[in-house]
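Nothing in this text is a laboratory measurement; each read-out follows from the coordinates by a stated rule. A quick note: this is a predicted structure, and the numbers were derived from the prediction, not measured. Heads up, the Cβs are rebuilt from the backbone with ideal geometry, glycines too, and the neighbour counts pull from every protein chain shown.
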Amino acid sequence: MKVLYLCRHAKSSWADAGMDDFDRPLNERGFRNAPHMAKVFKDRGEPLDLIISSPALRAKTTADFFKTAMSIGDHAYREDRAIHHAERSTLHRIVNNLPNASDRVMLFGHMPGFGLLVDHLTDSGISALPTCGLVRIDLMVDDWSLVTKASGTLVWIDYPKRYPGQG
């Protein structure tokens, strides 16, 4: 079995309207939500083999909080520019090309692609994730290349607004 976690980046700042989208940092709420959700995930006791993030600053910063909370070393972390504003089909290709040595992988990225991928893989009707929203999808395959439409089960969805003081 393979387990895929998808995490949308935490809330980003729009304070500088002229800033390039790729370079937008987290805002105050994002800096509050990301470490909180990283701790919530760690407390679930679900191990990770690999983290892959969009290199956009807001996604990378969110991933860094999870990387630290989970004590993930650089050997189990990488960035993939293809995730930044990827369409659902591109994200599905990324999943199909994940290394089979990694059974539990977390991707950090963006809407609308992540939401569309959740629905595509699980047929759950969920097509949007709130900022710093996180889903777990179980895939009954032993090879990432075998992941197809509706081949996954949405096990849980979690997000900051479920917790007092995180909204």
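The charge dipole of segment 2-162, taken about its Cα centre with unit charges on the Cβ atoms of Lys, Arg (+1), Asp and Glu (-1) only, comes to about 420 debye.
The calculated FRET efficiency for the pair A128 and K39, based on their C-beta separation and a Förster distance of 30 Å, comes to about 0.80. By the beta-carbon count within 10 Å of each Cβ, the least crowded to most crowded order of W156, W144, fewest first, is W156, W144.
The distance between label points at T153 and D138 comes to 0.4 nm (points 7 Å beyond Cα on the Cα→Cβ vector). The overall shape of segment 42-104 is oblate: from the C-alpha gyration tensor, with semi-axes ordered a ≥ b ≥ c, the ratio a/c is 1.5 or greater and a/b is no larger than b/c. When the charge dipole of segment 21-135 is built from unit charges on Cβ atoms (+1 for Lys and Arg, -1 for Asp and Glu) and taken about the Cα centre, the candidate among L98, F31, L48 whose Cα reaches farthest toward its positive end is F31. Please count, across the chain, the pairs of lysine residues with Cα atoms under 25 Å apart that sit 8 or more places apart or on different chains. For the chain, qualifying lysine pairs total 18. Close amide-amide hydrogen proximity is noted between V155 and R136, I137, D138, each under 5 Å apart and 5 or more residues distant or on a separate chain (H modeled in the peptide plane; Pro and chain starts excluded).
Once both labels are positioned 7 Å from their Cα atoms along Cα-to-Cβ, the gap between A82 and E28 label points is 4.0 nm. Computed over the Cα atoms of the chain, pair by distinct pair, the Kirkwood hydrodynamic radius stands at 15.7 angstrom.
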